[in-house]
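**Student:** I'd like to ask you about the structure that follows.
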Amino acid sequence: MAIDERKIIEAVAGLGITGNDEGLIPAFGLYLTQHMADYYNRISFAMARRLERTPELADDARTLLVEAGHSCAFNTFGGIMKSAEWDAVVRPMLGCREDWVFGMSAVVNAFGWGRWKVRDLVPNQRLVVAVQDSYEAQGWLRDYPTSDRPRCYLANGGVAGLMNLLYVGDITQGPELNDAYYKQVFRSSDRFSSTEVLCRATGDPMCLFIAQRLP
């Protein structure tokens, strides 16, 4: 593997990614938004806690918030992997499809969403990602007691989304990221689903995600 994570992080940091007067960040062919992580955390956790008051709705909170992670991965990860910046910085390092996973992980680390590390990758079968300092878990621990369930919804959806973009769809071919393609990728019967098996919010030393095909 020829992925130079430090070079990718330095290159992304050097892009001067900042918000404009409207709070939008035009980068990677996208319009990202600039706001505090707490804004996302507190809205998401408030919704989850409200639904969890009704036991039969508790799992719905996770489903909805992980689906938001799928959508984020599709549009953000997908857009980045189609961008001119990706082509200039990351693509020259890519020797195989699996390198795209490591390249995208390096970009995530440049954004400060936590420290992602690919622990295991079985092509077209399984991805294991460990995350240190997840902003979701950190935010939960600051504002609430230790949780009885994992809380890194966006990262969970992102790990599954990365595998779906690469192995269910084929982001390497630069497809149009529209609603039809989203349904093709994320509603497929052989799509990947991710489980957060460890979470700092529950007292674990890190957050750990395993994405694999639906049974």
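The values are calculated or read from the model by the stated rules, or taken from the named source; none is laboratory data. Since we're looking at a predicted model, the values are computed, not measured. For neighbour counting, all protein chains shown are included, and Cβ atoms are generated from backbone atoms with ideal geometry for every residue, glycine included.
**Student:** Can you name the residue in the range 87-104 that is surrounded by 21 or more Cβ atoms within 10 Å (Cβ to Cβ) and over 15 Å from TYR167 (Cα atoms) and is also farthest from the chain's Cα centre (by Cα) among such residues?
**Tutor:** VAL89
**Student:** Which pairs turn up if I take residues in the range 49-69 that are within 25 Å of PHE192 (Cβ to Cβ) and look for partners that are outside any helix (DSSP H, G or I) with beta carbon separation below 8 Å, at least 6 apart in sequence or on another chain?
**Tutor:** Taking only residues 6 or more apart or on different chains, the pairs are ARG62/ARG149; VAL66/SER194.
**Student:** OK, next. Of the numbered conditions (1) farther than 17 Å from GLY114 by Cβ; (2) touching a strand residue (DSSP E or B) at 6+ places or on another chain (Cβ under 8 Å); (3) in a loop (DSSP other than H, G, I, E, B), LEU177 fails exactly one; give the number of that condition.
**Tutor:** If we test LEU177 against (1) farther than 17 Å from GLY114 by Cβ; (2) touching a strand residue (DSSP E or B) at 6+ places or on another chain (Cβ under 8 Å); (3) in a loop (DSSP other than H, G, I, E, B), just (2) comes out false.
**Student:** With respect to GLY169, is the statement that it is buried (at least 20 other Cβ atoms within 10 Å of the Cβ), modelled with pLDDT under 95, within 18 Å of MET104 (Cα to Cα) and small (Gly, Ala, Ser) true?
**Tutor:** For GLY169, the condition - buried (at least 20 other Cβ atoms within 10 Å of the Cβ), modelled with pLDDT under 95, within 18 Å of MET104 (Cα to Cα) and small (Gly, Ala, Ser) - is met.
**Student:** Restrict the check to the range 34-52 and report whether at least one residue is under 16 Å from the mean Cα position of the chain (by Cα), under 20 Å from ALA2 (Cα atoms) and among the polar types (S, T, N, Q).
**Tutor:** If we filter the range 34-52 for residues that are under 16 Å from the mean Cα position of the chain (by Cα), which is where we start, we get 37, 40-41, 44.
Within this subset, residues satisfying the condition of being under 20 Å from ALA2 (Cα atoms) are none.
Scanning the range 34-52 turns up no residue that is under 16 Å from the mean Cα position of the chain (by Cα), under 20 Å from ALA2 (Cα atoms) and among the polar types (S, T, N, Q).
**Student:** Can you find a residue that is touching a residue at least 40 places away in the same chain (Cβ under 8 Å), surrounded by 24 or more Cβ atoms within 10 Å (Cβ to Cβ) and under 15 Å from ALA73 (Cβ atoms) anywhere in the range 138-151? Step through it out loud before you land on a result.
**Tutor:** Here is the first cut: in the range 138-151, the ones touching a residue at least 40 places away in the same chain (Cβ under 8 Å) are 138-141, 143-144, 146-151.
Right, trim to surrounded by 24 or more Cβ atoms within 10 Å (Cβ to Cβ) and you get 140, 150-151.
In the following step, the residues that additionally are under 15 Å from ALA73 (Cβ atoms) were identified as none.
There is no residue in the range 138-151 that is touching a residue at least 40 places away in the same chain (Cβ under 8 Å), surrounded by 24 or more Cβ atoms within 10 Å (Cβ to Cβ) and under 15 Å from ALA73 (Cβ atoms).
**Student:** Would you check which residues across the range 189-215 are of a type outside the set (Val, Ile, Thr), within 14 Å of ASN164 (Cα to Cα) and either in contact (Cβ under 8 Å) with a residue 40 or more places away in the chain or surrounded by fewer than 14 Cβ atoms within 10 Å (Cβ to Cβ) (or both) and list them?
**Tutor:** Pass one, the range 189-215, residues of a type outside the set (Val, Ile, Thr): 189-194, 196, 198-201, 203-209, 211-215.
In the following step, the residues that additionally are within 14 Å of ASN164 (Cα to Cα) were identified as 189-194, 211-214.
Those that are of a type outside the set (Val, Ile, Thr), within 14 Å of ASN164 (Cα to Cα) and either in contact (Cβ under 8 Å) with a residue 40 or more places away in the chain or surrounded by fewer than 14 Cβ atoms within 10 Å (Cβ to Cβ) (or both): SER189, ASP190, PHE192, SER194, ALA211, GLN212, ARG213, LEU214.
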